[in-house]
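Here the structure is laid out as C-alpha cells; the discussion comes afterwards.
The values are calculated or read from the model by the stated rules, or taken from the named source; none is laboratory data. Model, not experiment: these values are computed from the prediction. Positions of Cβ are backbone-derived with ideal geometry, glycine not excepted, and every protein chain shown enters the neighbour counts.
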Amino acid sequence: MMSTGRQPNALAQPPGLPSGGRIAAYLGLFLLGAVVGAAGGLVQSGWFPGGLLLALAGAAGLFTGGALATGVRAGALAPAAGWMIAVVLLTASRPEGDFLFGAGLGSYLFLLGGMAVAVICATFAPGRRSGGSGARLGN
C-alpha cells in the first residue's frame, strides 16, 4: 500500500479507549483538582474576600491549564470533578460536630463560584477538531 502522507480523519476512526498516558494525565488532574479544592477551602475562609478570589483564581487556572494541556474539554472536567468531590466531602460535618465550612456567604460563594468557573472553563476549552480546512460546506 502506498502512503499519501495524510493523517486519517479523527472522526473516521472508531472510538476507542484513551491511551495509558492520557488516563494518567486525567488521573493526575483529578488528584490535583482535589488538592486545589481542599487548599481553596482553607484559604477562602481565612482571608475573606481576598482568599476567596485567590481560591477561585487557582481553580480557574487549574481547569484552564488542564484543558490546554490535554487539548480537549475532558482536561477541564477531570480537575473539576476532583475539586467538586473534595469540596463536597469537606462540607459534610462529622459525628463529633467538626466541620471545615461554616454556613457563611464566603462558603457558598466558594462552592457556587467554583462550579460556575468549572462550567465556564469547560465550555471555552478547545474541543476536538477535525483536520479539515476552515472552509464552509458546499464551497
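Here is the figure for segment 48-65: residues that are more than 15 Å from Ala76 (Cβ to Cβ), surrounded by 14 or more Cβ atoms within 10 Å (Cβ to Cβ) and without any contact (Cβ under 8 Å) to a residue 60 or more places away in the chain total 5. In segment 73-86 there is no residue that is farther than 15 Å from Gly28 by Cα and among the β-branched types (Val, Ile, Thr). Only one entry in Gly106, Gly97, Gly102 is assigned to a helix (DSSP H, G or I), farther than 23 Å from Ile23 by Cα and at pLDDT below 85, namely Gly106. In segment 114-134, the residues that are surrounded by 14 or more Cβ atoms within 10 Å (Cβ to Cβ) form Cβ pairs under 8 Å with partners that are modelled with pLDDT of 85 or more and among the basic types (Lys, Arg), at six or more places apart or across chains, as follows: Ala122/Arg73; Ala125/Arg73.
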